[in-house]
Amino acid sequence: MTFQQLVDFFEETQVTAILEPSERLDADVAHFIEYTFQTVGSPFGLLYRQWLPVPYLSIADNLLLGSSIKRKEAKSLILDTLALVNLDEQILGKDIGELTAFEEVKLQLAHHLILQKRGILVENVFSTLSVQQIQELLPLLRQLAKRTRLAIVILTPDMSIANSPYMDHFIHSTDDSSKRKHA
């Protein structure tokens with residue numbers, strides 16, 4: 001799979017899974033990070049296995065990083081966005097070190113929604129989540145894609161994730177054919 005093919009998947013509002021061997025995932029993610037950070041105002045976000053917040057900022061301030069949202073508007077926007085990703089407002093009172101891996105994933109989603117990203121590349125975050133959390137996250141990603149007109153591309157070595165009924169497309173990186181599902 002070429003990098004341009006990866007970027008092209010963000011042209012449609014959908015959830016796409018790309019099945020790729022673990023050893024190739026890191027190179028693809030690194031290339032995407034380089035592209036994203038070299039592009040001013042990039043419309044793409046990256047969802048990592050581990051959230052990398054600014055440690056001395058509150059969770060709310062980390063969610064607003066990179067935005068131009070005024071303080072008066074911030075609270076209601078943050079609360080609305082937390083509701084979209086199924087998080088309660090009490091999470092804002094937690095220390096960053098107290099967050100679970102699943103909460104970190106959801107907060108990253110909230111951050112990208114606040115920044116109005118057009119597409120999100122999901123690194124293989126599933127390896128850090130329980131089966132129950134994965135079963136909650138996959139429908140949430142599909143719901144966000146449909147509700148917010150967001151394109152989501154999931155890179156995973158896990159066939160069960162790639163074959164999930166919550167995917168609109170499934171691509172096996174060793175062939176160029178894609179399988180359309182649930183359109």
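The values are calculated or read from the model by the stated rules, or taken from the named source; none is laboratory data. Computed from a predicted model, the values in this text were never measured in an experiment. In this analysis, Cβ positions are derived from the backbone assuming ideal geometry, glycine residues included, and neighbour counts consider all displayed protein chains.
Okay, residues lined up against (1) within 17 Å of Ser42 (Cα to Cα); (2) within 15 Å of the chain's Cα centre (by Cα):
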residue: Ile59; (1), (2): no, no
residue: Val85; (1), (2): no, yes
residue: Gly93; (1), (2): no, no
residue: Arg118; (1), (2): yes, yes
residue: Val125; (1), (2): no, yes
residue: Ala145; (1), (2): no, yes
residue: Leu155; (1), (2): no, yes
Could you tell me whether segment 119-128 includes any residue that is at pLDDT below 95, surrounded by fewer than 18 Cβ atoms within 10 Å (Cβ to Cβ) and not charged (D, E, K, R)?
yes
Which one of these is farther than 18 Å from Gly97 by Cα, among the hydrophobic types (A, V, I, L, M, F, W, C) and at pLDDT 90 or above: Leu65, Leu57, Leu46?
Leu65
Being more than 13 Å from the chain's Cα centre (by Cα) and charged (D, E, K, R) is the filter; apply it to segment 95-116 and report the residue that is farthest from Leu141 (Cα to Cα).
Asp95
What's the total number of residues in segment 88-118 that are outside any loop (DSSP other than H, G, I, E, B), charged (D, E, K, R) and over 26 Å from Glu20 (Cα atoms)?
2
Consider segment 127-171. How many of its residues are in contact with a strand residue (DSSP E or B) (Cβ under 6 Å, 6 or more places away or on another chain) and among the small types (Gly, Ala, Ser)?
3
Those residues that are assigned to a strand (DSSP E or B) and at pLDDT 90 or above, I need them from segment 140-176; list them, please.
Ile152
Those residues of segment 119-139 which are in contact (Cβ under 8 Å) with a residue 24 or more places away in the chain, β-branched (Val, Ile, Thr) and assigned to a helix (DSSP H, G or I) amount to Val125, Thr128, Ile134
Could you run through segment 56-85 and say how many residues are loosely packed, with under 14 Cβ neighbours inside 10 Å and either in contact with an Asp or Glu (Cβ under 9 Å, 6 or more places away or on another chain) or in contact (Cβ under 8 Å) with a residue 60 or more places away in the chain (or both)?
1
Verdict on Leu107 being in contact with a strand residue (DSSP E or B) (Cβ under 8 Å, 6 or more places away or on another chain) and hydrophobic (A, V, I, L, M, F, W, C):
no
